[in-house]
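Bear in mind that the values in this text are calculations on the coordinates, not laboratory data. Fair warning: this is a prediction, and the values are worked out from it, not measured in the lab. Here the Cβ positions follow ideal geometry from the backbone for every residue, glycine too, while neighbour counts run over all protein chains shown.
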Amino acid sequence: MRTSTNPLTTVRNLGILAHVDAGKTTVTERILYTTGTTYKRGEVHDGTTVTDFDPQERDRGITIFAAAVSCSWDGHRINLIDTPGHVDFADEVERSLRVLDGAVAVFDAVAGVEPQSESVWRQADRHGVPRIAFVNKMDRAGADLDTAVASIRERLHPVPLVTQLPIGTEDGFTGVVDLLRMRALVWADGADTPEEGPVPAALSEEAARRRRLLEEAVAERHPAALEEFCDRETLTAATLAAALRDLTRTGDGVVVLCGSAYRNRGVEPLLDAVVAYLPSPLDVPPVRGTHDGADEERPADPAAPMAALAFKVNATPTGRLTYLRVYSGTIEKGDTVRDAGTGRTERVGRLLRVRADRHDPLERAVAGDIVAVIGLKGARAGSTLCAPDAPLVLEPPGVAEPVVHVAVEARRATDTDRLASALARLTEEDPSLAVRTDPETGQTVLSGMGELHLEVAVERVRREHGLEVTVGRPGVAYRETVGAGVTGFVHRHVKQDGGAGQFAHIVLDVEPREEGGFEFRSTVVGGRVPQEFVRAVEAGCRDALAEGPLGGHPVTGLRVTLTDGQTHVKDSSDTAFRTAGRFGLRDALRASRMVLLEPVVEVTVTVPEDAVGGVLGDLAARRGRVTGSETRGGAAVVTATVPLAELFGYATRLRSRTQGRGTFTARPTGYAPAPAEAPAR
């Protein structure tokens, strides 16, 4: 039984981020192999990876669930989370980023920045997570570091600080020149470690030029480096390293390295960069939370009151695992902790250091640790766990609204309750899934982030619970919005049934809100509607947003203003005004010009050049709008915006049109007006 004892300065909590198929999981596997955590190279195509351990991940060859692993390098402990690259599992990435201090963004040396690369980069921006970049697959035909870096600069807008020069191109890629130390690192065929030597003569001039560019870029952005550069007209390796560390941690620059994870070339320098440049828990701001409505900070100090965030829940044969990021204090086996959201206290059964699907027992964990706990029955993803005598609520990860749904039912009526239990467990583990009962048909409806997301969820029900289920045709989550509103709309709610009556008189203005969402305002003067009744009207209006007049879809993108009202000395109440708000807005929306909205995605289709015509025609038939077309790596790449409802079955259609040579990716871009007949299609 072990205790977490690493000094906080030697801890790195990082994620591996990338577009699907950029080599993210292979990078993770090589990190585990290089650090001695595993003794055999795990391969995605063989289904032997440590982090993609779920049967569906191995069958499909993609990461579906964020997997946490711990390893050691150069006296540092690295808590690493391998995140999914497919857009349908973006919420797994969101929950992971919430608890990370740094990240490695992996890019394909041929494709550069791809759609999901851009999405996860923006997610990391929102969370303020410092990053370094690793341009992978340098051994592929068409690989080009400069082109990949240019796409990073142009599409993601960081300041790339390239610290390596590749040695060899494509299949001849054998190593890199370290531009800080001006030394060559070369990997022989099959070698796990590089041989270090002088820069090859053929590359010495180019290496010197790139070193100069790196020095100038750093000096422009770092005062201490600028001072040394002005005095000496050059920078020492130590000054460069210190400045790169500062620029990475402030987000003013992104260190760029390159390699081939599959051939295990470039992984050791990547690990060195993780240790040298990415922050420790002490280098990031103290976590902030709230208590009794007041903001409060907790330092990354083992002696401070304990506060941790649950970011993932997973049911395993070992038991129900709750993954925690410990932000402050110490948590020990057997401790009693409080769920700050519910107020319930629970006992920590076992503490585990996680290695994907394997676990090492711990006696205690301290600030900065990422661990798993067995024994917590009520905690959910997003729950704050804290010391019972020092409550604190941390901001939970955001959860996106589902955009696709299917009807699911047990093939045997006797399995209906088992299906309900299985779906409840799924939503407990994955908050981006939702389950509801259709009030008209009585069917169970499962909603998620995309077709693949739902396929994976249904397959889990079949595999893990042994249930036979039938699944309906997918549908999308439509919305309704206000195209043109109404002003001075009067609604009077009067109810008299012999006892205390109900009376509420309100006047509403309804107008579009371009930024989406819902906004409620009151301009009532003279106390004609008391403040507590104004709040009741707002609550009633929010109730009315659940079903719009066009088709019962949720309503968004509107501003409602309460401009006037009347009360009755005896019969007015919160209930009366809430009812007036609900039915008043319902009727006001019926009097407005409403617009149906549908989810829209940006698709990137990669096909042989001779198949472009058919692809363009098919996209047009799906109401797609082509936004770009280019040739990349000998293939045609078409981008278009397409209604999500038109993409069901597109993967099969594309494979058929291109004889299996076409691929596509999609990422959500929001909602757009839809033809009135769209839901009926």
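Residues with amide H under 5 Å of GLU409's amide H, sequence separation 5 or more or different chain, H placed in the peptide plane at 1.01 Å from N; which?
Under 5 Å from the amide H of GLU409 lie the amide H atoms of THR470, each far enough along the sequence or on another chain.
Return one number: the angle in degrees, 0 to 90 and rounded to the nearest 10, between the long axis of the Cα atoms of helix 451-465 and the longest principal axis of the Cα atoms of the chain.
The angle comes out at about 90 degrees.
What 222 nm value per residue comes from the helices of the chain, counting each DSSP H run with n ≥ 4 as -39,500 (n - 2.57) and dividing by all residues, nearest 500 deg cm²/dmol? Write down the numbers at each step before the final one.
Numbers: 15 runs with 185 residues, N = 681.
So the calculated ellipticity at 222 nm is -8500 deg cm²/dmol.
In the chain, which longest range has no GluC sites (Glu not before Pro) that are both DSSP loop (not H, G, I, E or B) and surrounded by at most 16 other Cβ atoms within 10 Å?
Of all site-free stretches, the longest is 234-439.
Using the Karplus curve 6.51 cos²θ - 1.76 cosθ + 1.60 with θ = phi - 60°, work out ³J(HN,Hα) for each residue of the range 128-142 in order, rounded to whole Hz, and write x for Gly and Pro.
x, 8, x, 9, 10, 10, 10, 8, 9, 6, 5, 8, 7, 5, x
Kindly flag which residue pairs out of LYS137/LYS312; LYS24/LYS312; LYS312/LYS333 have an alpha-carbon separation exceeding 25 Å in this structure.
As for pairs spanning more than 25 Å Cα to Cα, those are LYS137/LYS312.
For LEU161, which sequence-distant residues (separation of 5 or more, or a different chain) have an amide H within less than 5 Å of its own amide H, given hydrogens modelled in the peptide plane?
Correct list: VAL254, VAL255, VAL256.
Taking the Cα centre as origin and putting +1 on Lys and Arg beta-carbons and -1 on Asp and Glu beta-carbons, what dipole magnitude results for the chain, to the nearest 20 debye? Before the final figure, lay out each step's value.
Working: 80 positive and 96 negative charges, 286 e Å.
Charge dipole, the chain, about its Cα centre: 1380 debye, nearest 20.
Just to confirm a number: summing +1 for Lys and Arg and -1 for Asp and Glu over residues other than VAL507 whose beta-carbon lies under 12 angstrom from that of VAL507, what do you get?
0
What do you get for trypsin sites (Lys or Arg not before Pro) in the range 532-593 restricted to DSSP loop and a cutoff of at most 14 other Cβ within 10 Å of the site's Cβ?
Passing both the DSSP loop test and the Cβ count: LYS570.
Amide H to amide H, which residues 5 or more places from SER572 or on other chains are under 5 Å from it, using H placed in the peptide plane?
Long-range HN contacts for SER572: PHE503.
For the range 285-298, what does the Karplus curve 6.51 cos²θ - 1.76 cosθ + 1.60, with θ = phi - 60°, yield as ³J(HN,Hα) per residue in whole Hz, taken in order and with x for Gly and Pro?
My calculation for the range 285-298 gives x, x, 5, 10, x, 10, 8, 6, x, 9, 5, 8, 9, 10 Hz in order.
Using the Karplus equation 6.51 cos²θ - 1.76 cosθ + 1.60 (θ = phi - 60°), what ³J(HN,Hα) coupling, rounded to whole Hz, does each residue of the range 467-477 give in order, writing x for Gly and Pro?
9, 8, 10, 10, 10, x, 5, x, x, 10, 8
Taking LYS377 as the anchor, which aspartates and glutamates have their alpha carbon closer than 19 Å to its alpha carbon, excluding any fewer than eight residues away along the same chain?
Cα-Cα hits under 19 Å: GLU332, ASP335, ASP339, GLU346, GLU428, GLU429, ASP430.
Select from the range 370-472 those trypsin sites (Lys or Arg not before Pro) which occupy a DSSP coil region and have at most 15 other Cβ atoms within 10 Å, ordered by residue number.
LYS377, ARG411, ARG412
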